[in-house]
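Enquirer: The structure follows.
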Amino acid sequence: MRILGIETSCDETSAAIVEANLQAPTVKLLSNIISSSLPLHAKTGGIIPEIAARGQVKYIIPVIEQALKESNIYRPEIDTIAVTYGPGLIGSLLVGVETAKTLSYVWNKPIIPVNHLIGHIYANFIYEIPKIPALALIVSGGHTDLVLLKEHGKIKWLGGTRDDAAGEAFDKIGRLLGLSYPGGPAIEKAAQQGKSNRFTFPRPLLDSEDFDFSFSGLKTAVFREVQKIKKLNEQMVNDISAGVQSAVIDVLAQKTLKAAQRYKVRSILLSGGVAANQKLREAMQSSIELFVPPKNLCTDNAAMIASAAFFNYKPIDWRHITADPELYFD
Ligand code: KG4
Ligand code: ZN
């Protein structure tokens, strides 16, 4: 079965073709085109929804054409269309959803709406098939969620952030430190030259009984520290970055490993943009098998959307699909 995936929930415009086989089961990536308006947002230090959506209107058709071309798949050979319908920015989601609905109608192909967060989890099922039940940590710019994947289609939400997402904290702190946008990779790079024990930042909710997170206090702690320092030099930025990175990673890793033991899962699945962080990957190592997608599948992409659609194969009539910016776990 060949699935065309479409993802436009935030600033990326992405289309991918996967060839999936239920017998094996395997998901083979034939193409995964990602066009990002990130350079436009780097100038403003954050995403401007209208600018993101305008870029997506421009790129969606060329990106889909390129995905078909690179996969050497002729249009009639596509069996199903999968599209992100939420959560995300409404203008951005509408571009993908309306394009997918139109193609579904014109090509007469079934269409599967995919929850972007569930898509992130299934980035882990593209090259390998993790054993389930599995525990998934989704850490991106908009979300920090711990969920239990009992079986395909059966997900239990265990906890999430009460305020800022982990990636959002990195982005906001990066801005405070005068680093480039997005803050996550910039902080990771600066931290490589820094000492993580020079500044000790709070690790909120580390010992709480639930599986919730909170990162907004960390941003405030960095703000106070920056105010105290008269002139931030490069070494200080590096040391603060290292301190921030280890605070975020400590909380993420310890809570995830605690949940994994409590629910006796067979694998741990990392996903979302922050999963690109090397130190986080190292901290997640335990006796339970860890899966992390390659970096280009950690950040937003359409391959993960096609993969999620394959393992949760529920086509619906295109007339019944609407973009839902507030979509969450059921
Ligand atoms: O999944 P994603 O591409 O978009 C959302 O759906 O939000 O995640 C983007 C987030 C940003 O906050 C970015 O700072 C963070 O992922 N990020 C990282 C790294 N690469 C991206 N955070 C920490 N370390 C990284 N290497
Ligand atoms: Zn995402």
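The values are calculated or read from the model by the stated rules, or taken from the named source; none is laboratory data. These numbers were taken from a predicted model, which means no experiment stands behind them. Note that we place each Cβ from the backbone using ideal geometry, even for glycine, and neighbour counts take in every protein chain shown. Heads up: the accessible areas ignore ligands, DNA and RNA and are worked out on the full protein's heavy atoms, side chains in. Shrake-Rupley method; radii C 1.70, N 1.55, O 1.52, S 1.80 Å.
Enquirer: How do the peptides 98-105, 112-119 rank, highest first, by the average count of neighbouring beta carbon atoms within 10 Å per residue?
Expert: Going by the mean number of other Cβ atoms within 10 Å, highest first, we get 112-119, 98-105.
Enquirer: For region 104-155, what is the Kirkwood hydrodynamic radius in Å, using each pair of distinct C-alpha atoms?
Expert: Here the Kirkwood hydrodynamic radius works out to 12.7 Å.
Enquirer: Next question, about the same structure. Of all accessible surface on the chain at a 1.4 Å probe, what whole percent is carbon and sulfur?
Expert: Carbon with sulfur: 52 percent of the solvent-accessible area.
Enquirer: Also, I was wondering about something else. Would you mind putting 126-137, 158-169, 188-199, 66-77 in packing order, based on average other-beta-carbon counts within 10 Å, highest first?
Expert: In decreasing order of mean packing, 126-137, 158-169, 188-199, 66-77 become 158-169, 126-137, 188-199, 66-77.
Enquirer: Let me ask another. Among the listed pairs 219/258; 28/172; 28/58; 195/228; 69/189; 228/258, give every one whose C-alpha distance is greater than 30 Å.
Expert: From the list (219/258; 28/172; 28/58; 195/228; 69/189; 228/258), the Cα-Cα distance tops 30 Å for 28/172; 69/189; 228/258.
Enquirer: Determine the percent antiparallel among the DSSP beta bridges restricted to the chain, to the nearest 5.
Expert: 60 percent
Enquirer: Using just the alpha carbons, could you tell me how many Å³ per residue the convex hull of the chain encloses?
Expert: Value for the chain: 124 Å³ per residue.
Enquirer: Give me the 1.4 Å probe accessible area per residue for region 134-293, excluding ligands and nucleic acids, in Å².
Expert: The answer is 44 Å² per residue.
Enquirer: Taking the Cβ of residue 223 as the centre, find all other residues whose Cβ is under 11 Å away and add up their charges (Lys, Arg: +1; Asp, Glu: -1).
Expert: Local charge sum for residue 223: +4.
Enquirer: Taking every DSSP beta bridge with both residues inside region 134-293, roughly what % is antiparallel (nearest 5)?
Expert: 55 percent
Enquirer: Net charge around residue 205, counting only other residues with Cβ within less than 12 Å of its Cβ (Lys, Arg = +1; Asp, Glu = -1)?
Expert: Net of charged neighbours comes to -2.
Enquirer: Follow-up question, since we're still on this one. Tally Lys/Arg at +1 and Asp/Glu at -1 over every other residue whose Cβ is under 13 Å from the Cβ of residue 103; what's the total?
Expert: That works out to 0.
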